[in-house]
Amino acid sequence: MLLNSANSDSVDVNTSTTELSDIDEEAALEGVSDSSIEGMVMIPAGEFMMGGEGPLALPREYPKHPVKVDGFYMDTHEVTNAEFRAFVEATGYKTIAERPIDWEELKKQVPPGTPKPPDEMLEAGSLVFNPPPNVTDLTNYFQWWAWTKKADWLHPDGPGSSIEGKDDHPVVHIAVADAKAYANWAGKRLPTEAEWEWAARGGLKDQPYPWGSKDVNQAPYECNFFQGTFPTSNLVADGYEQSAPVGSFKPNGYGLYDMAGNVWEITSDWFNEDYYKTLSNSEPTVNPQGAPESKYSGAPFAQQTVIKGGSFLCNDSYCASYRVSAKMPLEVDAAMNHVGFRLVKDISPQP
Ligand SMILES: [Ca+2]
Ligand SMILES: [Ca+2]
């Protein structure tokens with residue numbers, strides 16, 4: 001079944017020609033104008049076991065559970081700086097990282113009674129990777145994430161940096177609201193985590209990586225990640241210290257690039273460390289939309305979204321999130337210089 005009748009409201013449909021009967025890929029493609037799925041591939045419907053693959057999987061990735069998803073279109077690559085610029089030029093949109101912080105919103109995300117920070121702490125900014133020379137405790141990520149004023153998608157490393165010459169790199173410092181705003185403009189939507197993970201698997205069964213089971217550390221490299229000792233010594237053996245132009249590494253079986261590494265990708269699901277425990281382990285959950293609310297013991301007051309795929313900062317010694325089942329929480333208002341997104345679009349039924 002290629003058609004998703006539950007979600008027909010977001011697609012521009014050319015209704016004139018296609019017969020509903022005998023639907024196939026070609027017919028489904030006629031359901032949307034050519035330009036609206038430019039740069040996307042069709043991901044087939046299917047059923048799979050979602051969750052923890054391989055010895056590096058974390059408790060949050062369990063239990064594995066059966067999931068069924070309808071087919072959909074997905075961007076072949078992460079949204080690029082050039083694509084995001086077109087959106088900003090068309091709409092005048094300002095990203096979350098470019099706006100001063102709203103204390104009324106922020107205080108909902110921190111323990112009750114937290115005093116208001118001084119005004120200069122509420123100026124626009126974002127989180128930039130900036131490790132000290134030595135790190136002994138890998139559990140405290142505040143050591144290498146620096147709140148940086150005026151860091152945003154146009155200035156990924158903060159003031160003085162730019163995206164000149166990086167039109168084909170993934171846009172970064174994107175918060176959830178930014179990705180949704182772009183999606184509305186583009187007539188697309190964020191993928192659910194299940195859609196994202198199903199697509200990342202690229203047609204393979206029970207494999208830890210989009211390319212199968214080959215060790216990520218074995219050259220030639222399959223993705224842009226962090227070689228060396230995280231976070232202090234990046235050997236850059238894969239050629240990219242930070243983001244790479246999208247599509248610099250081989251695609252997976254569905255023709256999707258950078259589903260492992262390069263930049264993290266925002267999904268539409270709340271991050272809830274107990275969500276998989278609430279799902280059936282025998283009957284497939286159909287098109288799961290994620291938990292009804294966020295739950296993350298590491299930051300109990302913050303609303304957290306699932307991000308997938310890892311980034312240029314992932315390494316086996318730390319999060320190893322280039323695995324298809326890996327997931328991390330991202331605070332909804334947070335932006336970082338290794339988080340971006342890609343979008344999906346429903347395959348619309350014919351009226
Ligand atoms: Ca790299
Ligand atoms: Ca990615």
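Pairs of Cα atoms nearer than 8 Å and 6+ residues apart set the relative contact order; for the stretch 25-346 it is 26 percent.
Centroid-to-centroid, using Cα positions, the stretch 299-324 and the stretch 224-284 are 8 Å apart.
Using 0.36 nm times the number of residues separating VAL41 and ASP274, minus their current alpha carbon distance, what extension gain do you get?
Separation in residues times 0.36 nm, less the Cα-Cα distance, equals 80.7 nm.
Treating r as the C-beta distance of ASP167 and TYR93 and R0 as 22 Å, the FRET efficiency rounds to 0.75.
Just to verify a number: FRET efficiency for MET121 and PHE301, C-beta to C-beta distance, R0 = 25 Å, to 0.05? Step by step, r from the Cβ atoms, then E = 0.90. You can think of it this way: the chain between THR114 and LYS180 has 20.8 nm of extra reach, that is 0.36 nm per residue less the Cα-Cα gap.
Answer rounded, prolate or oblate for the stretch 25-346, using the Cα gyration tensor with square roots of eigenvalues a ≥ b ≥ c: rounded when a/c is under 1.5, else prolate when a/b is larger than b/c, else oblate.
The shape class here is rounded.
Its DSSP H runs of at least 4 residues, each contributing -39,500 (n - 2.57), put the calculated 222 nm mean residue ellipticity of the chain at -3000 deg cm²/dmol, to the nearest 500. Beta-bridge orientation, the chain: approximately 80 percent antiparallel, per DSSP, counting only bridges with both partners inside.
Rounded to the nearest 0.05, what FRET efficiency do LYS150 and ARG85 give with R0 = 22 Å and r taken as the Cβ-Cβ distance? Could you check?
About 0.75, to the nearest 0.05.
Charge dipole (Cα centre; +1 on Lys/Arg Cβ, -1 on Asp/Glu Cβ; no other charges) of the chain amounts to roughly 940 debye.
Computed from label points 7 Å out along Cα-Cβ, the spacing between SER233 and ASP316 is 1.6 nm. Where in the stretch 319-334 is the amide nitrogen less than 18 Å from a point lying 7 Å along the Cα-to-Cβ axis of ASP215? Residues passing the 18 Å test: 319-323.
Here, each number is a calculation from the coordinates, and none is a lab measurement. Not measured: the values here are computed from a predicted model. Every residue, glycine as well, gets a Cβ built from its backbone with ideal geometry; the counts of neighbours run over all protein chains shown.
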